[in-house]
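Just below is one structure, and these are the notes that go with it.
The values are calculated or read from the model by the stated rules, or taken from the named source; none is laboratory data. Bear in mind that the values here come from a model prediction, so they are computed numbers and not experimental data. Cβ: placed from backbone, ideal geometry, glycine included. Neighbour counts: every protein chain shown.
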Amino acid sequence: MEYPSGDRRQHRRYPVDSQVEYKVVSGREVTEIGFGRVLNLSSGGILFESDCPLPAGVNVKLIIAWPSQASATRLKAHVSGYIVRSEGNCAAVRILHQVFRSNHTPGADHSE
């Protein structure tokens, strides 16, 4: 999903190849769960490929397996946002909230 007249993004994108679990949410209800992979990210957004097309405008929660060299501590990025663009199975998400959690975070809800 490239812009024909050049890149208009505000934040620099970094290529990432990492697994992602996504949940489409409506209010407090999860309406769809799926898996895919992150293609790139920035401080303001994420481009990921899902296992099925997702429409623009829906709210999503993403759980991203964060690349880490320390194998004992596996980090996951928990991201909330909404899909701003969708083309085929690729969806661009505007990040509204993010937090990193490890497998060893006391009291963390790992089911999100």
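Look through 25, 30 and report the one residue that is under 17 Å from residue 86 (Cβ atoms), at pLDDT 90 or above and outside any loop (DSSP other than H, G, I, E, B).
Matching residue, one of 25, 30: 25.
Restricting to the stretch 87-105, count the residues that are at pLDDT 80 or above and either of a type in the set (A, V, I, L, M, F, W, C) or over 15 Å from residue 20 (Cβ atoms) (or both).
First pass over the stretch 87-105, keeping only residues at pLDDT 80 or above: 87-102.
Next, from what is left, pick out any that are either of a type in the set (A, V, I, L, M, F, W, C) or over 15 Å from residue 20 (Cβ atoms) (or both): 87-88, 90-97, 99-100, 102.
Of the residues in the stretch 87-105, 13 are at pLDDT 80 or above and either of a type in the set (A, V, I, L, M, F, W, C) or over 15 Å from residue 20 (Cβ atoms) (or both).
Name the residues in the stretch 22-68 that are closer than 14 Å to residue 91 by Cα, surrounded by fewer than 16 Cβ atoms within 10 Å (Cβ to Cβ) and of a type in the set (D, E, K, R), would you?
37, 49, 51, listed by residue number.
Residue by residue through the stretch 65-85, note down the ones that are at pLDDT 95 or above and under 25 Å from residue 102 (Cβ atoms). Spell out how you get there, then give the answer.
Looking only at the stretch 65-85, we keep the residues that are at pLDDT 95 or above, and these are 78-85.
Listed by number, the residues that qualify are 78, 79, 80, 81.
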